[in-house]
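Taking it in order: structure first as structure tokens, then the write-up.
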Amino acid sequence: MRHVLDMTADSPQTPDTVVCLLTAPQSNARSLAASVIDKRLAACVNIVPLVQSIYRWKGTVEQADEALLIVKTTRASIPRLEQLLREIHPYESFELVALDIVAGSHPYLEWIADSVAPPSRG
């Protein structure tokens, strides 16, 4: 008999938690992650040190060794995260893709929500 963990049964609705994917030069990955955490724009950033990217840029196929940053955050923080990256990311057009977390460990999802600063009202 096969057992499947059904995380949706006891997990709260999680429409506000997201995982963002972000690529950057390997030399910038740690400082970008530290800035995101320092500004409380994410609970955690994982750095996958080497991904090989092949992409089309300005009509030419390019290749680059990059780092992949996996950012655990909230939907509400995405505009502030994007603004910070516009200020500090070395790429003219950087990757920032948000994926909804549809289910997960309840304590972990709460930790994400509690770790990210809410948007200022002002």
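The values are calculated or read from the model by the stated rules, or taken from the named source; none is laboratory data. Bear in mind the structure is a predicted one, so any value in this text is a computation, not a measurement. Cβ coordinates were reconstructed from backbone atoms using ideal geometry, including for glycine residues, and neighbour counts include every protein chain displayed. The area values use the complete protein model at the heavy-atom level, side chains included, leaving out ligands, DNA and RNA. Shrake-Rupley method; radii C 1.70, N 1.55, O 1.52, S 1.80 Å.
Brief remarks follow.
- Of note, Val45 does not satisfy the criterion of being part of a strand (DSSP E or B), among the β-branched types (Val, Ile, Thr) and farther than 23 Å from Ala103 by Cα.
- The residue that is most open to solvent (accessible area, probe 1.4 Å), counting only those in region 46-80 that are over 12 Å from Ile112 (Cβ atoms) and β-branched (Val, Ile, Thr), is Ile54.
- Selection status of Ile88, open to solvent by 40 Å² or more (accessible area, probe 1.4 Å) and over 14 Å from the mean Cα position of the chain (by Cα): yes
- Verdict on Glu62 being farther than 13 Å from Asn28 by Cα and assigned to a strand (DSSP E or B): yes
- Of all residues in region 87-122, those satisfying the criterion of being acidic (Asp, Glu) and assigned to a helix (DSSP H, G or I) are Glu87, Glu110, Asp114.
- Options Ser35, Ser11, Ser31; residue that is open to solvent by less than 80 Å² (accessible area, probe 1.4 Å) and at pLDDT below 95: Ser11
- Filtering Leu109, Leu81, Leu99 for residues that are more than 28 Å from Ala64 (Cβ to Cβ) and hydrophobic (A, V, I, L, M, F, W, C) leaves a single hit, Leu109.
- Positions within region 95-122 being free of Cβ contacts under 8 Å to residues at least 60 places away in the same chain and within 12 Å of Ile78 (Cα to Cα), in sequence order: Pro118, Pro119
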